Amino acid sequence: MHYIQKCLAKLQKGKKATGVFAYFNEMESLISSVSQAKSSAEFGDVFHLKQALAVRAAAIVKDVMSRFSSSKEKPKTKLNDLFAVDLITMSHTHMIYLCFTIFLESIEKKTYSNPKSKEVLLLVAKVFALK
């Protein structure tokens, strides 16, 4: 939660997030985006699923962090009482996006002796995204 807070504070100062946190840079456009998928194959594409996970994570991060920041309560009260469940949900959603992104990157970087291996791993990624 604190690292997310730091990233968002840096964004407000004009510094871009990098790596798997780069979706923070596009938070507003992600939240307002509409899927361009027209078929079930397009909906099931891993890169479409990655985009969907980014949209969900961005929406939840923005909502929780804006409510958390605007609250006038003491920091401990906000963390432990008012926003505890929301912060867990936000962190969980963010971690799902991070795990999926890192897994996709590792699949793309590796060379496979059996060409079917990559297909199976991409199927695992799809199942993870859709669960």
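The values are calculated or read from the model by the stated rules, or taken from the named source; none is laboratory data. Note that the coordinates shown come from a computational prediction; the quantities given were computed from them, not determined experimentally. Cβ atoms come from the backbone with ideal geometry, glycine included; neighbour counts cover every protein chain shown.
Considering (1) in contact with a Lys or Arg (Cβ under 9 Å, 6 or more places away or on another chain); (2) closer than 30 Å to GLN12 by Cβ; (3) surrounded by 14 or more Cβ atoms within 10 Å (Cβ to Cβ), say which one GLU28 fails and leave the rest.
(3)
Filtering region 33-48 down to residues that are free of Cβ contacts under 8 Å to residues at least 12 places away in the same chain and outside any helix (DSSP H, G or I), which residue is surrounded by the fewest Cβ atoms within 10 Å (Cβ to Cβ)?
VAL34
Within region 86-120, take every residue that is among the hydroxyl-bearing types (Ser, Thr, Tyr) and under 18 Å from the mean Cα position of the chain (by Cα) and give me the one that is farthest from LYS50 (Cα to Cα).
The selected residue is THR89.
Each row is one residue, and each column tells you yes or no for (1) at pLDDT below 95; (2) outside any helix (DSSP H, G or I).
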residue: LYS50; (1), (2): no, no
residue: ALA57; (1), (2): no, no
residue: MET65; (1), (2): yes, no
residue: LYS76; (1), (2): yes, no
residue: PHE100; (1), (2): no, no
residue: GLU108; (1), (2): yes, no
residue: TYR112; (1), (2): yes, yes
residue: LEU121; (1), (2): no, no
residue: ALA129; (1), (2): no, no
